[in-house]
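The values are calculated or read from the model by the stated rules, or taken from the named source; none is laboratory data. Model, not experiment: these values are computed from the prediction. For neighbour counting, all protein chains shown are included, and Cβ atoms are generated from backbone atoms with ideal geometry for every residue, glycine included.
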Amino acid sequence: DKNEQLVPPFLFFRNHLEISIFHGEEYDELLMRTLGKLIFENRESPLVDLIESILIFADSGIVGIDIATQTEIPELVFPSGFPEDKKHDLIKDFTERFKYQIKTKHRFFEGTKEQGITNLPLNEQSTGTIKFFNMLRLVLQALAAGNVLIVDELDKSLHPDWTKLLISLFHYPETNPKGAQLIFATHDVSLMSPDLFGRDQLYLVQKDLYGSSKLYSIADYKKVSPETPFEKWYLSGRFQAIPNIAKQTIQNEIVKSGIFDE
């Protein structure tokens, strides 16, 4: 009874917060397998159809998606002495995770003449296509539920236009009727545009000599207006939070290092 007031925020964080802060091939593989299971079990879902449509209209080269179920699952090798009661659960989870493989459909040509459609495993696509595919699912699920989606390095491996597309979906009431929110970290300064963000939506992180970081909004600067060229001002150092690179010193260090004499 004493903790009743904590129930609403607890339920919010449990049910309406999605966090994607990991990177690397293993994480991408996990997201692909999770999405593969989702598509397999909900093939007639509007979400699946929407993912397919967006991939087509975003000029990804993909004209459709399909799911293959794998019968040959990599064997798990356990270290000596591993508890037997734990093996079963791990094998079951591993088998379920790697059971579904997403196939992407592509037109193939001989010269300029289309010959038909071919299927390719999603994991054989470029890193950017895989990232876009995975992020689409997270973004669309957040929009559908009105959730908060937190992503580290949203722009990593993505074409800038694809990144801007994902961001824009949160801005329009028509595509975000439930008020979903996107919070992300980025190093792509081209996203610092008044066309994408208001001044109160952009935050910078300044690290000092002692390793501590300060988070602040560009709206804290009095001369910033909606017409301010955010990217230009940032790169000129007016907002700080840029590395102090001793470019000439680095060049001199390379020249005198002797690496060219070997």
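Just a few scattered comments:
- Residue satisfying condition, being surrounded by fewer than 19 Cβ atoms within 10 Å (Cβ to Cβ) and in a helix (DSSP H, G or I), within set Ile117, Ile91: Ile91
- Applying a threshold of 9 Å to beta carbon distances and a minimum spacing of six or more residues, or different chains, the list of pairs starting in the stretch 42-57 at a residue that is touching a residue at least 40 places away in the same chain (Cβ under 8 Å) and ending at one that is not in a helix (DSSP H, G or I) reads Ile51/Ile65; Ile54/Ser60; Leu55/Gly61; Leu55/Ile62; Leu55/Val63; Leu55/Gly64; Leu55/Ile65; Leu55/Thr104.
- Residue in the stretch 18-31 that is farther than 29 Å from Leu120 by Cβ and either in contact with a Leu (Cβ under 7 Å, 6 or more places away or on another chain) or modelled with pLDDT of 85 or more (or both) present: yes
- Val48 at negative phi, of a type in the set (A, V, I, L, M), surrounded by fewer than 11 Cβ atoms within 10 Å (Cβ to Cβ) and at pLDDT 85 or above: no
- Leading residue by the ranking (modelled with the lowest pLDDT) among those in the stretch 85-118 that are among the aromatic types (Phe, Trp, Tyr) and more than 16 Å from Ala68 (Cα to Cα): Phe94
- When we screen Leu191, Leu235 for residues that are surrounded by 15 or more Cβ atoms within 10 Å (Cβ to Cβ) and either among the basic types (Lys, Arg) or under 27 Å from the mean Cα position of the chain (by Cα) (or both), the only hit is Leu191.
- Within the stretch 67-82, at least one residue is closer than 27 Å to Leu165 by Cα and either out of contact with any Leu (no Cβ under 9 Å at 6 or more places or on another chain) or modelled with pLDDT under 80 (or both).
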